[in-house]
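Please read the structure below before turning to the comments.
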Amino acid sequence: MSQTSHKLGNILLVDPDEAFGQVLKQVLGSDYLLRQESSVDQAIRDSLLQPPVAILVNVDAYPHAGKNDPLTLIQSVSEQPISVPVIAYSWDGHGQGSRELFAAGAFDILEQPLDIQKLKFTLERACRRAELVRELAEAHRLLGTTRVEGVLGISKVMERVFELARKVAKVSTTVLITGENGTGKGIIAQAIHRLSQRSAKPFVAFSPCSFPESLLEDELFGHERGAFTGAAQIRRGRFEEANGGTIFIDEIGDLALPLQAKLLRVLQERTVERLGSNVPRPVDIRVICATNRNLEKMVREGAFREDLYFRISVVKIPIPALRERKEDIPVLAEHFLRMFATVHNKAARAFTPGFVSALSRHSWPGNVRELQNVIERSVVLANGNCYLGVDDLPEEFRGLTAARDVPVGSFHEAIHSFKRELVRSALRMHAGNRSRAADELGISRCYLHRLLNQLKMADNEAAEEQQVEEVPAIEVESRTGSPRMQVA
């Protein structure tokens, strides 16, 4: 086990077999603090009082009904403010019950007899996920109790966005949100509204791009009956619909100059006039605008009114592109993975290191929206595996990864570096298990050992690839006489 921040992680074991619990403590050693409960009901109460970083539960030991059902445990902890990853294990680890457990929110399902190396690797992943969940909870705290899907993040630049959103939500000043398409400008606008005192009133979104220019004025200001041919009844515009709440004008840079002048008047006088009427109607609204264009440049070119620009940009919130906050990619990817696995009833629950590496190397011109689409596609098209690998990504990602993996330099340097990358990836994927890494690479274990020596990885990098030390066979048997643990 690598020495990480997960050392002395608090693990809750739910299994009535005390002897098994004692042996598992020896197997895990000083890397984890293991406590055991024989009752599912008590385990639920225990997890509330002293939340563990992960839970291990023996599915076969409890009836699939009533309060002692492992499904109840999984559902209960997933509904807690900070969910705890639950690792189930069973003699029928790949049976029909697995889908039901995954659907309930299980982190992973292991098959008995437990493979010690795989158990440790799974616990390591669960603890990493627990860290991400805690970091996400802190990000959510910066936005009060509001969940901001699609713009989650733990990067410093996103912390600044969350801080600005929280501050401006307390007042009714106009806000200008800037950023590329797909960065989540509209979701930040909704978050500001939900955190404000106007949250019980309407949030009305409007984009000039969605309507022909001839209809924009009617959409924004409404009309009186008879104002034009076909106006058979009174119609309220978007500003009146948002009265008391917030109106969000997306891509305001696409608004024509004549309508910019009318919008300026609304902001100055807080009144609107419907088409066919000269009666001003007061409106109490908070205006949030967004754009992916350079409005300052448009002002200099005469394409955007300077006075309107100053009106709408009292507070500016720039949303960084995804390529500028790559540390958020794994956080967002896992969020979308869990969301789409549930929506599409798929078994995928985790990524291989190669999958995450490929995501991190992509430039993401479509930003968070593109990442969301890529994860959904990967989940939908995956072949029923619990892990999403590079082969589940679109072809352009695999090509990009291959290109980036080939180093620059002489032929022999390139071959040497490429071998190192192959070996490193295989060891990471299999938690340092050399036999499985050799199988992954299609070579013998002896040849892998020679490669490690040739590449000078035997004593340093190989140990860093989460290599799990081998442990002696464990003589703990089930009631049927079958061993409950084994060494791969």
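Every number here is computed from the coordinates shown, using simple stated rules; none is lab data. In this text the structure is predicted, and so the values were computed from the model without any measurement. With ideal geometry, Cβ positions are generated from the backbone for all residues, glycine too; neighbour counts draw on all protein chains shown.
Overview of results
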read-out: q = 0.13, 0.20 Å⁻¹: log10 I(q)/I(0) that the Debye formula gives for segment 220-295, counting C-alpha atoms only; value: -0.42, -0.91
read-out: Set LYS167/LYS201; LYS185/LYS326; LYS156/LYS346; LYS167/LYS316 screened for pairs whose C-alpha atoms are more than 22 Å apart; value: LYS156/LYS346
read-out: Exposure proxy order (Cβ contacts within 10 Å, fewest to most) of ILE74, ILE317; value: ILE317, ILE74
read-out: Efficiency of FRET from Cβ geometry, ALA19 and LYS316, R₀ 60 Å, rounded to 0.05; value: 0.40
read-out: Peptide ranges 17-24, 356-363, 429-436 listed from the most packed, as the mean C-beta count within 10 angstrom indicates; value: 429-436, 356-363, 17-24
read-out: Ranking of PHE340, PHE248, PHE211 by count of other Cβ atoms within 10 Å, fewest first; value: PHE211, PHE340, PHE248
read-out: Residue order, fewest to most beta carbons within 10 Å, for ASP392, ASP41; value: ASP41, ASP392
read-out: Viscosity 1.002 mPa s, 20 °C: Kirkwood-radius Stokes-Einstein D of segment 156-319 over Cα pairs, µm²/s; value: 132
read-out: Built amide H within the under 5 Å cut-off of ALA205, gap 5+; value: PHE248
read-out: For q = 0.17, 0.30 Å⁻¹, Debye-computed log10 I/I(0) when each Cα of segment 264-306 counts as one equal scatterer; value: -0.67, -1.00
read-out: Label-point separation in nm, THR271 to ALA303, each point 7 Å along Cα→Cβ; value: 3.4
read-out: Residue-wise HN-Hα coupling along segment 105-122, computed from phi with Karplus coefficients 6.51, -1.76, 1.60 (Hz; x: Gly, Pro); value: x, 4, 6, 7, 10, 9, 9, 7, x, 5, 7, 4, 5, 5, 4, 5, 5, 5
read-out: Taking the convex hull of Cα positions in segment 203-242, its mean projected area over all directions (nm²); value: 2.9
read-out: 3J(HN,Hα) from dihedral phi, segment 22-35, Karplus parametrisation 6.51/-1.76/1.60, rounded to Hz, x for glycine, proline; value: 5, 5, 4, 4, 5, 5, 6, x, 8, 6, 9, 9, 9, 10
read-out: Bridge type composition, segment 156-319 - antiparallel percent by DSSP, nearest 5; value: 20
